[in-house]
Structure formats: C-alpha cells, structure tokens
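The values are calculated or read from the model by the stated rules, or taken from the named source; none is laboratory data. Every value quoted in this text rests on a predicted model; they were computed, and no experiment measured them. So basically every Cβ, Gly included, is an ideal-geometry build from the backbone, and we count neighbours across all protein chains shown. The protein model used for the area step is the full one, side chains on, heavy atoms only, and it has no ligands, DNA or RNA in it. Shrake-Rupley method; radii C 1.70, N 1.55, O 1.52, S 1.80 Å.
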Amino acid sequence: MTEEPSGEAVGETPDDTKRGVLRADIVTLFPQMVREAASHSIVGRAQAARTLDLRVHDLRDWAEGRYRQADDYPFGGGAGMVLMPAPVFACLESVLADAPETPILLMAPDGERFDQRMARELAELPRFLLLCGHYEGVDERVREALVTRTVSIGDYVLTGGELPALVILDAVTRLLPGVLGNAASPEEESFGAADRGLLLEYPHYTRPAEFRGRGVPEVLLSGHHAKIAAWRRQQALVRTRERRPDLWERFLPLSKVDRKLLEAYDAERGNEASAGKPENKPEESPPSDE
C-alpha cells in the first residue's frame, strides 16, 4: 500500500499549525510556481509568524500511470486540455479527509467576481481550499460534486488558476490580525471595511517634500491631525467620484460633513479655474481696407 501524498507547507512544517491560524490549501499542476511566489512579502511573513498555514499540493501526486497524467482531451473535440476528474477527486478527498466541510473555491473566468467583501469573508474562515484550473479548465463533474464556489478575478482569461489563487491568498492574508502591523491599514485602504468598502483611498506622499518642482500638500506638513484627516477624507471622496462612478452611486447620499468637504473642494477648484483664465477683452475690429 502506497503512502498518501501530502501537501507541503511553504516555509513551515505540518506541525506548525495551531488554533486560530488560517489554513489555506492550494491544489495546482505547478506547485513550485505557487510556493516561490508565496514565500515573499506579506504572505511569506504571515507564514513565518505562524498566522498563515499554507499547504501547496501537486495534483500530479494523485494521478495514475507512469507519466502521472492529470489532463486529457475534451469529449466532442475542441482545442486545449481538461483536468481529469479522477486525480482531482482523489486529491481533494485526501487533503480534506480531516475537514470535509472546508469550502472549495475553483479558479475560473466564469466565476463570481472576487472583491474585498469576499476577501473579508474568507479571512474569517478557519480554512479554505483553492483549486487551480488549467488550460480549458476542469471536468464539469468536479464542479457538480465538489466545488463550493467558482471565483474569477476579472473578465479575462489566464493560462491557469495559479495567479488568481495567489491574488486571493494575498488579499486574504493581509486582513489577518497582526499581519500588517497597523490594524487601521486595511480599514483605510481602498475598498476597506470603513464606508461599506465603497471609497477609494486618499493619495500618499513621502520624502522629499519637494521633488522636481512638485511639492507635497501643505496640510500634510502642518502636523494638524484634524486637518490632515479632513483633507484625506476629501481626497477619498473626490477620487471615488472621479474615478469610480459605479462605486460613487452606491456610496450616495452624502453625509453633511462629506457634502461640505466636497463643496469646499469644488469651490477651490472653481476659483483656481477662474484665476487661470485670461481676462475678457473686447474684440478688436479687423483693419479696414480703406
């Protein structure tokens, strides 16, 4: 009897899990691609801090035959290859044997659009599994019998689900307690929990205070916390109104405070526009031929 393959925790050992840690499993045909990307930056630090327990599983470990084939040509003809049901079923049943209720999310372009709301939902779970489709996707029987939710990161097609899985993993990981250091960071960012996730984030500046003729807004150098907060709020409102009218319509109606901030912004811009216009002068009569 052969030993069941097991997923490898990136940078950790299986004994590193503990209560309260988010367990994320990723099933893929390209485990090294996922492991390498997940070993850096926020996701890598979350694993080192024992906040995230990431297990990456090579689907071919559950494929049969000398060449461990996990995909095949589609019935009915057509281009591309389809992941076979047998290795997927065997893999998921093995990986989730101790937690069969774990949500299984399939990465596919026809899925539900991933957003910050879904990231927050996943961050509240004790565990979830991301299944990476590839080429033409997975056998439909996998979806019918195993998949809890099909998820897409946008209206475009990628070669496989590895990049979407890493996007989701990153977005979820940075919401875990203690990962970002500053608990306010995920609240203040674009699509943060504040304001129902409908406002974009205000602009940021750092040293030097002036660079190639472009300066930092004076209010940010004032040290006046209330004025800085008001300016940032105003900028978030303006950016959302100008760049994402779809979010802006959902954010309305404005509070009295937000309305005053926008009115002040629009009045200031109106004055600047007026000051920049040339004075209206009477048109000169064309010279006479006489």
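Restricting the search to the stretch 186-216, which residues are farther than 13 Å from residue 237 by Cα, part of a helix (DSSP H, G or I) and either modelled with pLDDT of 75 or more or open to solvent by 50 Å² or more (accessible area, probe 1.4 Å) (or both)?
Within the stretch 186-216, 187, 196 qualify.
Could you list, ordered by first residue, the pairs with Cβ atoms under 6 Å in which the first is in the stretch 137-153 and more than 22 Å from residue 73 (Cβ to Cβ) and the second is open to solvent by less than 60 Å² (accessible area, probe 1.4 Å) and in a loop (DSSP other than H, G, I, E, B), at least 6 apart or interchain?
Qualifying pairs under 6 Å: 148/103; 151/114; 153/114.
Rundown of residues vs (1) within 16 Å of the chain's Cα centre (by Cα); (2) more than 23 Å from residue 178 (Cα to Cα); (3) open to solvent by less than 60 Å² (accessible area, probe 1.4 Å), yes/no style:
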| site | (1), (2), (3) |
| --- | --- |
| 47 | no, no, yes |
| 58 | no, yes, yes |
| 62 | no, yes, yes |
| 68 | no, yes, no |
| 94 | no, yes, yes |
| 102 | no, yes, yes |
| 108 | yes, yes, yes |
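Cβ-Cβ under 8 Å, sequence separation 6+ or interchain: first residue in the stretch 213-230 and over 14 Å from residue 261 (Cβ atoms), partner assigned to a strand (DSSP E or B). Which pairs?
216/210
So which residues in the stretch 143-178 are assigned to a helix (DSSP H, G or I), open to solvent by 40 Å² or more (accessible area, probe 1.4 Å) and either within 22 Å of residue 37 (Cβ to Cβ) or not basic (Lys, Arg) (or both)?
Matches in the stretch 143-178: 144, 145, 163, 167, 170.
Kindly provide the set of residues from the stretch 113-126 that are assigned to a helix (DSSP H, G or I) and open to solvent by 80 Å² or more (accessible area, probe 1.4 Å), ordered by number.
117
Residues checked against (1) under 19 Å from the mean Cα position of the chain (by Cα); (2) crowded, with 17+ Cβ neighbours inside 10 Å:
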| position | (1), (2) |
| --- | --- |
| 73 | no, no |
| 83 | no, yes |
| 91 | no, yes |
| 111 | yes, yes |
| 128 | yes, yes |
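Of the residues that make up the stretch 18-29, is at least one open to solvent by less than 20 Å² (accessible area, probe 1.4 Å), farther than 21 Å from residue 160 by Cβ, in contact (Cβ under 8 Å) with a residue 40 or more places away in the chain and under 26 Å from the mean Cα position of the chain (by Cα)?
yes
For residue 242, indicate whether it is on the phi < 0 side of the Ramachandran plot, open to solvent by 100 Å² or more (accessible area, probe 1.4 Å) and either at pLDDT 95 or above or under 27 Å from the mean Cα position of the chain (by Cα) (or both). If you could, list the steps in order and put the result at the bottom.
Values: on the phi < 0 side of the Ramachandran plot: yes; open to solvent by 100 Å² or more (accessible area, probe 1.4 Å): yes; either at pLDDT 95 or above or under 27 Å from the mean Cα position of the chain (by Cα) (or both): yes.
Yes: the conditions hold for residue 242.
Right, residue 46: out of contact with any strand residue (DSSP E or B) (no Cβ under 7 Å at 6 or more places or on another chain), at pLDDT 95 or above and over 13 Å from residue 130 (Cβ atoms) or not?
For residue 46, the condition - out of contact with any strand residue (DSSP E or B) (no Cβ under 7 Å at 6 or more places or on another chain), at pLDDT 95 or above and over 13 Å from residue 130 (Cβ atoms) - is not met.
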